[in-house]
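Here the structure comes first, spelled out in structure tokens, and everything after it is commentary.
The values are calculated or read from the model by the stated rules, or taken from the named source; none is laboratory data. These figures come from a predicted structure and were not determined experimentally. Positions of Cβ are generated from backbone atoms using ideal geometry, with glycine treated the same way; all protein chains shown enter the neighbour counts.
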């Protein structure tokens, strides 16, 4: 993997659970690492549901291999958040990862 292709700075976030004042579980996200990555849009769709337009954007994110990366994590890219749908280790060589992600509203 050529370093020049990794031109986006992303933060890997890990989910944690806390409780609010009523004792209900609340998911909180904490930063675990900031890495260089390549982010490429794949597809964008718009649809109307409940008289509102909703947009969905999918991305492929490429980064150096990290053993701890899983679909339980998410990525923060600027003010945008990417939910990880799949983690692919091409050729099972532990050199790089390809993440299939969906952009979500925070």
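Of the strands (runs of 3 or more DSSP E) entirely within segment 55-106, those holding at least 1 residues that are without any contact (Cβ under 8 Å) to a residue 40 or more places away in the chain and surrounded by 12 or more Cβ atoms within 10 Å (Cβ to Cβ) occupy 80-88, 96-104. Selection within segment 7-33: residues that are assigned to a loop (DSSP other than H, G, I, E, B) and in contact with a strand residue (DSSP E or B) (Cβ under 8 Å, 6 or more places away or on another chain). The member of this set that is modelled with the lowest pLDDT is 20.
The condition of being touching a strand residue (DSSP E or B) at 6+ places or on another chain (Cβ under 9 Å) and at pLDDT below 95 does not hold for residue 4.
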